[in-house]
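Notes to accompany the following structure.
The values are calculated or read from the model by the stated rules, or taken from the named source; none is laboratory data. Not measured: the values here are computed from a predicted model. A quick note on method: Cβ atoms are made from the backbone with ideal geometry, for glycine too, and the neighbour counts reach across all protein chains shown. The accessibility values were calculated without ligands, DNA or RNA, using every heavy atom of the protein model including side chains. Shrake-Rupley method; radii C 1.70, N 1.55, O 1.52, S 1.80 Å.
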Amino acid sequence: MAAPIVDPQILSELHGNVILIKPEAFIQNLMYGRAEFPTAGVTGTAVSLPNDERRSRDEKLAEDCLAALATRNKSKEFNNVVQSLAMDESQSTKDVVEGVSPYTSNKFTKLFKGIKAEEDLYRPLAALFAFIGHFYRCYFNESSENEVWSMEIDKSWPRAVHPMRPNSKPRPPALRRGFLISYDKPFRFSPHVQVPPGLQPDISLVLFKKAKKAKLPSPAKIHWKDVKVPITVKLRDGFDANRVCQMARYVRVIKMEQFDRNFIFSILISKTKCRVFYWDASQIYVTEIDMHKEPTMFIQVIGRLASMDPQSMGYDARFSNSGRVLASETQTIATKLEVVSAAPTQFHDQHSKSEAHSTIDIDLYAGRPLFQAPGLLFSHFTRVWEGPEVVGADGESGNLRVVKQNWANTKRVNEAFFYEKTREVPNVVRLVGSEARCHTIDASTWSDGDVMGVYRADQWKAELVPHLNLATDEIPFTIYKCDSHPQTFSRVLVRMVFEEKGRSNLEVRDSRELLEAMKQWLTGLWGLKEKGILHRDVSSGNLLLGRDADSPAFIIDLGLAQWEDQHEDNFSNHQSKEERVAKAQPQVIGTLPFVALQLLSAKIASVTLKHKSIMTSNRFSGALLSTDVGRVHARKTAFFAVDLNPDYDYRLELDGRFKVLAHVLGRFATMIWDRSRNKGTIDAKDIVDIIDTEISSLPHGSGMKVKPAGYGGSKRKLQLAEGQEERVDENRPGQSSRMLRTTRSSSRLVRPRVGK
């Protein structure tokens, strides 16, 4: 059964984040102003005109295309494009001519005649899109004497080549893009992407390999990796939550599939209106065009999307073959990531004092992310990969590195800056280099009057979302006029390269290794404290073992860290202290089961708390795994007040491999209670002494996995016999090593943390 179109979580993200822009400003700033500067040897693009020149050329092409549609067979350009289409789609010229809508009486007539259902619009719209796209391909450059038309645009999408082979040349012919009717075609996903079924745009602009006879492919299945622009078709014009959520689901899966993409375009079209959307990591921008009253602007938008180079469509030039690796080639074409590293600044709006840069090349295992955040529209959208560093002119493999990428809040301290300040702190992951390179749209992009308003779900309906039939009820989006750009999060794309990959603490060999690792984690945390840094997300997922039994354990993920004391020199030079100090939010920061009891107690006393989970609550069980802050607080309080209270005649017990460690936990609890009563303090040495004492008294082989005598069953039964819950296979390609891991012995679950 397909998921409902209206998802309450998606709706809550969309509310207040859909910003209406005037068409001229949208086209100028988002369709011509967001392309990256082409990087030689990386992008492989051929068409690289200045934005103003490219826009002028596209406007002229749109005028000529409209004239061809109006005059039809009397136009040489119309006949040439029809021949190109007939060749591509293996149709007769007569069928092509009959399929393309003429523009007469101030309208595209085939979008009205005989149209009674949405399905009736698919073919005339796809035929019109195809004609516009081919017109731009044929006449982007002036025709030469020896050619009927030019195909210069295709040269900006060369076939992908192996990035670690320096002498590789683009493979002819170039890739092609085309509009396919896709509502009735099943879409495929990569192994690491898990989404509900039923995601089928009505029409899709897809990338494909040119066939021998130039025939447009008609695949039985389309892969989301090859979708460039999803298009939703509706019979009636309107803007409600059903339609926007439907597109949001398409965009969300494109974000998950296309790791090298920074922003996405989509279209919502009816018989009369064409709405174009721009989605980034902070918000959505939309513009509305009446395609019958403003046909030239409409043609320009479709033509621009059909002829964009990869960078203008949102693909990141730091990845080799960005946007040009087909889904069918992902197993054969490697991905090289280029990180141009410089000394990190404390805040992203500051300039580095050092001009020195170094380039780090990573042979990225892109199809097997170590971690990928579940699909939120506006978030950090963290990804973690691994891969060997590429060294030497011959592309030899060096040390294995870990790459973390996320969209960081520009008002927070740069995570890479914290790593730079902790280089001398033991047992904290080591940074090799970092880069911040791409910002989301902010208020400075728009001139006065460009922002027309913000779409919000009507308040009275929004409050009733849990009681609605989400598959059928329409929740209207109402435009609220505003004179300036609304306050939104500005984000910057940050990539960090780390020295080594650790092991999950679930892979611990025995009790001794676990206790030694605890000492090392404690050393790292104490080192952070001495540097004045609060980690704020200490959880089992962020405490890793060394790469092998002889390597030290270490702490990762300073993404939510902050300074313990907000000194004046800890703020940006470009903003006041008041602007930098985080305002009190009714939200708990961190991974809820691991948030300190003192923090929960203090917050509950002062404000009503919320904790936003990015996974559905029915995935979890137990009080500590709840998203209800009060429930977690109550369980933690009971645990400390009763289970760990030495005054109670209660014996703390643990199950599973590490049940003997209940003793060290009991000693630690006794020390906490004693120091609390005497108003004393606890330092690292006190805890280390307890751990060392426990290590010296451990029985031989404590905590080791031992196969039961006479056991001949499956691995699953062996895990249960050892007292472990079944967990996901962390060695499966694409499976996160930090997601949904449970053990009966620790009674905890690791899930992604929250926080801006």
| note | With a 23 Å threshold on alpha-carbon distance, the violating pairs from LYS22/LYS293; LYS221/LYS404; LYS60/LYS234; LYS74/LYS155; LYS74/LYS94 are LYS221/LYS404; LYS60/LYS234; LYS74/LYS155
| query | Taking the highest mean first, how do the peptides 298-309, 176-187 order by number of other beta carbon atoms within 10 angstrom per residue? | reply | 298-309, 176-187
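Just check the stretch 649-698 against the gyration tensor rule for me: Cα atoms, a ≥ b ≥ c as the square roots of the eigenvalues, rounded for a/c under 1.5, and otherwise prolate or oblate depending on whether a/b exceeds b/c.
Details: a/c = 3.16, a/b = 1.42, b/c = 2.23.
Oblate, because a/c is 1.5 or more while a/b does not exceed b/c.
Which whole-number value in Å² is the accessible area per residue of the stretch 81-133, probe 1.4 Å? Let's see the in-between values first.
Working: 2490 Å² over 53 residues.
I get 47 Å² per residue for the stretch 81-133.
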| Along each of its three principal axes, how wide is the spread of alpha-carbon positions in the stretch 377-444, in whole angstrom units, largest first? | 45, 31, 21
| Based only on the alpha carbon positions, what is the Kirkwood hydrodynamic radius of the stretch 323-410, in angstrom? | 15.2
| remark: For the stretch 255-317, the dipole about the Cα centre with charges only on Cβ (Lys and Arg +1, Asp and Glu -1), to the nearest 20 debye, works out at 300
| remark: Note: the stretch 264-304, point scatterers on Cα, Debye, no solvent; log10 I/I(0) at q = 0.22 Å⁻¹ equals -0.68
| said: Let me cross-check ASP686: its accessible surface, 1.4 Å probe, with only protein heavy atoms counted, in Å² to the nearest 10? | reply: 40
| Shape of the stretch 264-366, Cα gyration tensor, a/c cut at 1.5 | oblate
| request: Tally up the carbon and sulfur contribution to the accessible surface of the stretch 367-424 as a whole percent, 1.4 Å probe, everything protein left in place. | output: 44
| request: Post the alpha-carbon centroid distance, the stretch 647-701 to the stretch 74-96, in whole angstrom. | output: 81
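Quick one: grab the alpha carbon gyration tensor of the stretch 300-446, order the square roots of its eigenvalues as a ≥ b ≥ c, and give me rounded if a/c is under 1.5, else prolate or oblate depending on whether a/b is larger than b/c. Mind showing how you got there, number by number?
Values: a/c = 1.71, a/b = 1.15, b/c = 1.48.
Judged from the Cα gyration tensor, the stretch 300-446 comes out oblate (a/c at least 1.5, b/c at or above a/b).
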| task | Name the residue farthest towards the positive end of the dipole of the stretch 261-315 from the options CYS274, GLN311, PHE263, assuming +1 on Cβ of Lys and Arg, -1 on Cβ of Asp and Glu, about the Cα centre. | result | CYS274
